[in-house]
Structures are given as structure tokens and as C-alpha cells.
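S.K.: Would you mind keeping the following structure in view while I ask a few things?
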Amino acid sequence: MPEKSAPPTPTPERGLNQLEQHRIDELLDQLDASDLDFGLRVPPPRRRWGYRRRGLRITLDGGPSPATTLRVFTRALQESRLWFLSPTFCYPGTYCEVELLTVHNMWQRAVGSITHCRYVDIGIHELEVRFGQKLELALYVPQAIKRRVLVIDDEEISRALVAFHLEKLNASIKVLDSGAEASREVAAVDYDLVLLDLVMPHQDGFATLEQIRSAGYEGSVVALTAVLGPDREAKCLQAGFDCYVPKPVTREKLARLLDTLHQEPIFSSMAQDASMTELIAHFVHSLRETARAMHPAVAHLDTTALAALARSLRVDAGGHGFEILAEKAALLERAATEGQPPETIGALARDVQSLCRLARATSSP
């Protein structure tokens, strides 16, 4: 995003921190409920995503006067807009700089201008900022991540219904009518979740689960079945399914299921820099091969090969804005170089491989 040269020195900070948290939360809840474009009620790109952060710093350009720094309560984000509560009125058109906090607790600076300011309560205004460049929403809002889901079910009506609900929940879906191609599919795409029907002709869900695990898929696999009972659920868990969801599969069940996914995809801290888009995409594409190259080195505890792979990954990941991956690669490089215990090296290598699979160029599929 464009930056202004020689910004004025800001005045002492002002904020809403003196107000009780529950009062702010009540007000935010009321505002969210009144906005028809909030949450999953509308499709992207009009959708506002909840982004509640207390005490974020926003600096307003004072023109010829000193700049003012506010400590504010943020409410919602879109790709190029932010809504927040402020203790002061602000004229539309005012230039501002915003410090946003990512899901990994890293700070990102964005610049834009105030487009709207409205009174909402005594001493409280809601301001809207429009940024000069689109944000990578998944950096800030986990719910904005477009989950990749593979649905395997031989019943056409069931597949269509599950896909319909998942699309409304901001997921990217691939459907298969049998398990025959499942191994090839999970080897080609890093799915966050596999929904697998148990009762299918030719190859049931248990056999399909065994095949996709053998193909190296380590993500969540959930059993779908109309056959109910505690014995059925116990059998699924013993077979290696992560959980069991009885049919009919409703949107509420799927929403809860997506919320339980523990591994969040990671994104580059440079994702908002349009000039880096192609480079980041190329790097992320290369990570699949990097993860594969580590398998034989881990299996044979080849510390020389692991140190070399980790060193290269540390440099490349850091250069492309994947700091978390770079830090973990540095730990692996040190462990392999210093000859630390095999179990330590193996655990670090598996962590690095997992992060390689979780890296995304964008939140889009």
C-alpha cells in the first residue's frame, strides 16, 4: 500500500479503554445484528467478517495539525474496508494508518482514508476506513479461510446437499461418487477435510480411508452414515476416522465441524503486496516437493540432508513472508547440525512438513 512521506508526529493517544468491556461487546453485538451483510448471511465479496480487537492503534492525519492516535475497538473487515468504534468524530476523507493484528499475532500496517462516521452512543462513533489495496482476509479472520473439502458419497442427492451447505459456509468443494479416485485426489490437492460416506458399493468408506491414509493424507477424515448407534461410532474411531457425523448432514453440523479443524492454513505476511503474488504462489507450489523430499531423510535419519533442506527452506520461507515456517526450519537445521536426539529431529521434521502442507498463496482455492 502507498505510504506518505514524513508523517507528522502524533499527539498522545486517545481511546475507549476506559469503558467496560461488556458495554462495548453489547454495542458491537447490536451493530452486528443490524447489518444484513454481516457474517454468512450474504456471499463474498459483500460479506463483512467479524474482527474484534481491543486497543488497536489507528493514526489519523491532522493535516497542518499534529496527527492523532486512537486506541479503538475494531468490529468487522471486508477485503478493503475496516469498521471500528472511536471516541471521537472524524471527517470523511481523513487519511489514516492502521495497525492490524494477524491470526498469528503479527502486526501488519495498512493505510487508507475514512469514508463514513456515524454516532452510535454517547461518546462513541463508528468509523469506516477504505484501504487503498485489498487485504488478504485470511491473515486476520480464520472464518474467512476458504477450506478445501473433499466429499465422497455414492448418493447424488446427498452429495449435492452437502456441497450446497459447504458453499454457504465459504468452503471450496470437490465431489466424488466413489472412493476409486480418492487416493489420487488427496495426493494432488491439500484438502483440509475429507467427508467420507461409509456405505458405498465396490469400496466402502473403511477401505477408502485406509487407501487415502496410505497415500500420505494426514488431514481430518469424517465418517458420514445413516446407520446410527454407539457401536458404529466406536468402530469409526477405531478405524482411524477423526469423528463420526450421522445423516442427515445439516448446515449447522457442517459449521461445527469446520470450526473444529485445528490446523489453520498459514499465509505470507507479504500477501498484500501485489508485486509478490506470483513469487509467493510459485514458492507455495514448491513446498509440496520439499515436504516429500524430507520423507527419506527422516526415515534414514540423514542429518546432513535434513540440515541442507532446512537451511534452504529457512532462507526461502523467510524471504517470502512465511516467518513461522522459517522459524521452525531454523530449529530443524540446528537440531540436525548439532546432532540432537533422533526423536527431537524427527518431531521437528514432521512439524516442518506439516507447515509446508498448510502454506497457502491466498485464501482462495
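S.K.: Would it be correct to say that residue 309 is closer than 20 Å to residue 288 by Cβ, of a type in the set (A, V, I, L, M) and in contact with a strand residue (DSSP E or B) (Cβ under 7 Å, 6 or more places away or on another chain)?
M.R.: No, not satisfied.
S.K.: Please specify each residue of region 214-249 satisfying the condition of being surrounded by 15 or more Cβ atoms within 10 Å (Cβ to Cβ) and within 22 Å of residue 358 (Cα to Cα).
M.R.: Of everything in region 214-249, those that are surrounded by 15 or more Cβ atoms within 10 Å (Cβ to Cβ) and within 22 Å of residue 358 (Cα to Cα) turn out to be 217, 219, 220, 221, 222, 241, 242.
S.K.: Suppose we filter 195, 228, 224, 209 for residues that are over 30 Å from residue 295 (Cβ atoms) and either touching a residue at least 60 places away in the same chain (Cβ under 8 Å) or within 31 Å of the chain's Cα centre (by Cα) (or both); which single one remains?
M.R.: Just one listed residue meets the conditions, 224.
S.K.: Now for a different question. Search region 307-327 for residues that are under 13 Å from residue 276 (Cβ atoms) and free of Cβ contacts under 8 Å to residues at least 60 places away in the same chain and pair each with any residue that is acidic (Asp, Glu) and surrounded by fewer than 17 Cβ atoms within 10 Å (Cβ to Cβ) when their beta-carbon atoms are under 8 Å apart and the residues are at least 6 apart or on different chains.
M.R.: Cβ pairs passing all conditions: none.
S.K.: Another one. Quick one: how many residues across region 277-317 are surrounded by 13 or more Cβ atoms within 10 Å (Cβ to Cβ) and within 19 Å of the chain's Cα centre (by Cα)?
M.R.: Of the residues in that region, 8 qualify.
S.K.: Residues of region 33-79 being hydrophobic (A, V, I, L, M, F, W, C), touching a helix residue (DSSP H, G or I) at 6+ places or on another chain (Cβ under 8 Å) and modelled with pLDDT of 80 or more, which ones?
M.R.: Residues satisfying the conditions are 49, 73, 76, 77.
S.K.: Residues that are part of a loop (DSSP other than H, G, I, E, B), modelled with pLDDT of 90 or more and touching a strand residue (DSSP E or B) at 6+ places or on another chain (Cβ under 8 Å): does region 189-198 have at least one?
M.R.: Yes, because at least one residue in region 189-198 is part of a loop (DSSP other than H, G, I, E, B), modelled with pLDDT of 90 or more and touching a strand residue (DSSP E or B) at 6+ places or on another chain (Cβ under 8 Å).
S.K.: In region 46-133, which strands (runs of 3 or more DSSP E) lie fully inside it and hold 2 or more residues that are not assigned by TED's automatic domain parsing to the domain that holds residue 26?
M.R.: Per the criteria, no element qualifies.
S.K.: Looking for something over 21 Å from residue 276 (Cα atoms) and either without any contact (Cβ under 8 Å) to a residue 12 or more places away in the chain or crowded, with 18+ Cβ neighbours inside 10 Å (or both) - is there at least one such residue anywhere in region 103-112?
M.R.: Checked against the condition, which is being over 21 Å from residue 276 (Cα atoms) and either without any contact (Cβ under 8 Å) to a residue 12 or more places away in the chain or crowded, with 18+ Cβ neighbours inside 10 Å (or both), region 103-112 yields at least one hit.
S.K.: Looking at region 322-344, is at least one residue surrounded by 15 or more Cβ atoms within 10 Å (Cβ to Cβ), modelled with pLDDT under 90, within 23 Å of residue 187 (Cβ to Cβ) and not assigned by TED's automatic domain parsing to the domain that holds residue 225?
M.R.: No: region 322-344 contains no residue that is surrounded by 15 or more Cβ atoms within 10 Å (Cβ to Cβ), modelled with pLDDT under 90, within 23 Å of residue 187 (Cβ to Cβ) and not assigned by TED's automatic domain parsing to the domain that holds residue 225.
The values are calculated or read from the model by the stated rules, or taken from the named source; none is laboratory data. What you see is a predicted model; the values in this text were computed from it and never measured. Cβ: placed from backbone, ideal geometry, glycine included. Neighbour counts: every protein chain shown.
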